[in-house]
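To start, the structure under review is shown below, and the notes come after it.
The values are calculated or read from the model by the stated rules, or taken from the named source; none is laboratory data. Since the model is a prediction, treat every value here as computed from it, not as a measurement. We place every Cβ from the backbone using ideal geometry, glycine too, and count neighbours over all the protein chains shown. These accessible areas exclude ligands, DNA and RNA; they are computed on the full protein's heavy atoms, side chains included. Shrake-Rupley method; radii C 1.70, N 1.55, O 1.52, S 1.80 Å.
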Amino acid sequence: MADDRKKLSMTLGESLRQQGVSRRGFLKYCAATASMMALPPTMVPAIAQALEKAKRPSVIWLSFQECTGCTESLTRSHSPSVENLIFDHISLDYHHTLQVASGDAAEAAREAAMHENEGKYIVVVDGSIPLANPGYSSIAGISNLQMLEETVAGAAAVVAVGSCAAFGGLPHANPNPTGAVSVGEIVKDKPVVNVSGCPPIPTVITGVLAHFLTFGSLPELDALGRPMVFFGQSIHDRCYRRPFYDKGLFAETFDDEGARKGWCLFRLGCKGPMTYNACATAKWNQGTSWPVESGHGCLGCSEPDFWDAGGFYNALSIPDSDLTRKTGYVVGAGVALGAAAGALNRSTRAKAAAKHETVTIDDLDKKS
Amino acid sequence: MSTSIDFLLWVRGPGFDIALFIFVVGVLIRLLEVLILGRKPDYSEPRGAELGAGLLTLVTRTAPEGGSFKRSPFTVVGGYIWHIGFLVSLFLFVPHIELIDSVLGIRWPGIASNLVDAIAAVTIVTLVAMLFSRLTHPVKRFLSGPEDYLTWVVTFLPMLTGYLAYHRMIDPYPLVLGLHILSVELLMVLFPFTKLMHAFTFIIARWYNGAMAGRRGVQS
Ligand code: SF4
Ligand code: SF4
């Protein structure tokens, strides 16, 4: 515990040096962060200086209705790169999956972190919050809603990590049996950043935290509360298959010749055109590749309700409609109504003909 | 939460259902109304065949006609350009073919997206020019009623929003894609109840004219 306290009072720079991270490695990270955040290279020394001096902020990570994929993503991030060390060097004071403590001791750690860092700690949330019945998800007998509200009360900012926390995610998918909602629907009086994705890109999570450490504020957000620097451009805009989309060259199956030549995956259900995320530039697994590069269309995982946006293998232009399956009935209804209207027209014509009085030349002569 | 994605999901889901229902039922009612009415029995002795002449007229009336071209070349050429441009954008753009395949189960090869794009741009310009001419030409202006302007708007909007969506000119993309789909739905809803119906009835009318002439043994 005392050791922990000492660590907490260390600056990030001291802490990184103690971990054997070289100055060069640290600056490389700062440069990468700057470029990812679309900041000019002249900002690198400023970032380095700010991060160097930054105190390790206390982070309380709350996991609600989730699959742990976001934590999995984070722990598999570029390790052992500087990004990971940044995470090691915040003070992660509470995290179900990663902490050693359990039961009362775990809850005590959360409360201690809240009291000691009142007004300064960051709350990271993964998972959605069930509103239908607290029994759907609770921790230590505390409902998710209650835990979120009491933990956020003294926080400086809230980071909703993953599409469940940001938009409700899979638990929120139709018909949403648990009444799942996003963090943003509950937390109204604190800044909330949505780092969406299923899972989110690890470097994006650390990038947001680095921004907070550097500037003491959260990055600029888009209409969905996501940091513009990472979610400002669509997958489609940065996709290396884009020239094929423009030329109208589309793969028809996952292993046809077109697919092997890198043609566009639109017909195979790629939702890249409507999806805003950094996959195409940041990539996954230490920058190795990303879904579209490995031959699978984008699922749109960083957008609200992507689970409900039609089949993953249906082209984006296909209506997500029941009616197309019921076309037969519609045609039947049209034919029946058309036949009725036709019959009505016929009878109107017949009646008109019956009522019609024949006029002879004599009649006309008489009138004139 | 009401987001552009919610909007897109609505137009791709219930919105499309409603539009397709009105379109299909409306078109069938209008067509059957015409067809069931039938023709009066013609007791005269036929001097030629109906079928061939009917089909021939379908083609000849679609080809440009010299006289009217000389009188108003702009109207004729503009008319061809925008009709063909509209049909190419509608039926040869790959995402549209996917849509048609999902509804009707039939598909055909598309053409390069950037070629469709260029054709769409020409179509949009032509449509604007056609409207301008309608508004400035005294005779055309006199002949135009509210329905003519309404049908122009609902034809123009899908072209314009489609162009904006393709070039991602409105952010976020789900919003502009949603607007494009919504504009098409508007077209589908108004289609059966306006002169847009000519897209179907022109076949009947031309065939009928040709068949009548054919039976009488005269040129149509
Ligand atoms: S693969 Fe997807 S993201 Fe890439 S160009 Fe095609 S549609 Fe766009
Ligand atoms: S490519 Fe699309 S579905 Fe895949 S991780 Fe990126 S945003 Fe999510």
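Within the range A:220-269, the set of residues being away from ligand 2 (no atom under 14 Å from the Cβ) and in a helix (DSSP H, G or I) comprises A:228, A:229, A:243, A:244, A:245, A:246, A:247, A:257, A:258, A:259, A:260, A:267.
You will find that of B:182, B:150, the residue that is within 13 Å of chain A (Cβ to nearest Cβ) and in contact (Cβ under 8 Å) with a residue 12 or more places away in the chain is B:182 and no other.
Each row is one residue, and each column tells you yes or no for (1) touching a Pro at 6+ places or on another chain (Cβ under 6 Å); (2) within 16 Å of ligand 2 (Cβ to nearest atom); (3) in a helix (DSSP H, G or I); (4) within 14 Å of another protein chain (Cβ to nearest Cβ).
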{"site": "A:108", "(1), (2), (3), (4)": "no, no, yes, no"}
{"site": "A:111", "(1), (2), (3), (4)": "no, no, yes, no"}
{"site": "A:158", "(1), (2), (3), (4)": "no, no, no, no"}
{"site": "A:171", "(1), (2), (3), (4)": "no, no, yes, no"}
{"site": "A:178", "(1), (2), (3), (4)": "yes, no, no, no"}
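Checked against (1) at the interface with another protein chain (Cβ under 10 Å from one of its Cβ atoms); (2) open to solvent by less than 40 Å² (accessible area, probe 1.4 Å), residue B:57 meets all criteria but (1). Checking the structure you have, find out if any residue of the range A:211-222 is within 21 Å of residue A:306 (Cβ to Cβ), open to solvent by 20 Å² or more (accessible area, probe 1.4 Å), more than 16 Å from ligand 1 (Cβ to nearest atom) and out of contact with any Gly (no Cβ under 8 Å at 6 or more places or on another chain). Checking the range A:211-222: at least one residue is within 21 Å of residue A:306 (Cβ to Cβ), open to solvent by 20 Å² or more (accessible area, probe 1.4 Å), more than 16 Å from ligand 1 (Cβ to nearest atom) and out of contact with any Gly (no Cβ under 8 Å at 6 or more places or on another chain). For the range B:97-106, the criterion of being touching an Asp or Glu at 6+ places or on another chain (Cβ under 6 Å) and touching a residue at least 12 places away in the same chain (Cβ under 8 Å) is met by none of the residues. None of B:106, B:97, B:84, B:5 is within 14 Å of chain A (Cβ to nearest Cβ), surrounded by fewer than 16 Cβ atoms within 10 Å (Cβ to Cβ) and closer than 30 Å to residue A:244 by Cβ except B:106.
State yes or no: is residue A:315 at the interface with chain B (Cβ under 10 Å from one of its Cβ atoms), part of a helix (DSSP H, G or I) and either closer than 28 Å to residue B:104 by Cβ or open to solvent by less than 20 Å² (accessible area, probe 1.4 Å) (or both)? No, not satisfied. Only residues that are open to solvent by less than 30 Å² (accessible area, probe 1.4 Å), assigned to a helix (DSSP H, G or I) and farther than 20 Å from residue A:102 by Cβ were counted across the range A:131-155, and they come to 2. If you go through the range A:236-263 and keep only what is facing chain B (nearest Cβ under 10 Å), crowded, with 20+ Cβ neighbours inside 10 Å and touching a Cys at 6+ places or on another chain (Cβ under 7 Å), you end up with A:244, A:245, A:250. One residue is enough: does the range A:317-324 have a residue meeting the conditions under 30 Å from residue A:221 (Cβ atoms), within 12 Å of ligand 2 (Cβ to nearest atom) and at pLDDT 85 or above? No, the range A:317-324 has no match at all. Contact map, the range A:49-74: residues that are more than 27 Å from residue A:146 (Cβ to Cβ) paired with residues that are part of a helix (DSSP H, G or I) and hydroxyl-bearing (Ser, Thr, Tyr), Cβ distance under 7 Å, separation 6+ or inter-chain. Pairs shown: A:50/A:214; A:51/A:214; A:56/A:15. Scan the range A:292-308 for residues that are within 10 Å of ligand 1 (Cβ to nearest atom) and among the acidic types (Asp, Glu) and the total you get is 1.
Taken over the range A:292-306, the criterion of being surrounded by 19 or more Cβ atoms within 10 Å (Cβ to Cβ) and either outside any loop (DSSP other than H, G, I, E, B) or free of Cβ contacts under 8 Å to residues at least 40 places away in the same chain (or both) is satisfied by A:297, A:300, A:306.
The set of residues in the range B:176-216 that are touching a Lys or Arg at 6+ places or on another chain (Cβ under 7 Å), over 24 Å from residue B:29 (Cβ atoms) and open to solvent by 50 Å² or more (accessible area, probe 1.4 Å) contains only B:216.
Only a single item in (1) more than 11 Å from ligand 1 (Cβ to nearest atom); (2) without any contact (Cβ under 8 Å) to a residue 24 or more places away in the chain is not met by residue A:251, and it is number (1). Residues considered: A:272, A:197. Of these, the only one that is within 16 Å of ligand 1 (Cβ to nearest atom), of a type outside the set (S, T, N, Q), assigned by the TED database to the domain that holds residue A:70 and crowded, with 22+ Cβ neighbours inside 10 Å is A:197. Give me the residue from the range A:181-197 that is within 14 Å of the chain's Cα centre (by Cα) and more than 14 Å from every other protein chain (Cβ to nearest Cβ) and, out of that set, farthest from residue A:212 (Cα to Cα). This residue is A:197.
Quick check on residue B:24: is it facing another protein chain (nearest Cβ under 8 Å), under 24 Å from the mean Cα position of the chain (by Cα) and either exposed (fewer than 14 other Cβ atoms within 10 Å of the Cβ) or closer than 27 Å to residue B:190 by Cβ (or both)? Here the answer is yes, as residue B:24 does meet what is asked.
Looking at the structure I just gave you, is residue A:289 surrounded by fewer than 16 Cβ atoms within 10 Å (Cβ to Cβ), more than 10 Å from ligand 1 (Cβ to nearest atom), outside the structural domain of residue A:173 (by the TED database) and at pLDDT 90 or above? For residue A:289, the condition - surrounded by fewer than 16 Cβ atoms within 10 Å (Cβ to Cβ), more than 10 Å from ligand 1 (Cβ to nearest atom), outside the structural domain of residue A:173 (by the TED database) and at pLDDT 90 or above - is met. Being open to solvent by 70 Å² or more (accessible area, probe 1.4 Å), within 9 Å of chain A (Cβ to nearest Cβ) and modelled with pLDDT of 85 or more holds for only one residue in B:29, B:36, B:18, and it is B:18. Residues of the range A:332-352 being within 8 Å of chain B (Cβ to nearest Cβ) and either open to solvent by 60 Å² or more (accessible area, probe 1.4 Å) or closer than 26 Å to residue B:5 by Cβ (or both), which ones? Within the range A:332-352, A:335, A:337, A:346, A:349 qualify.
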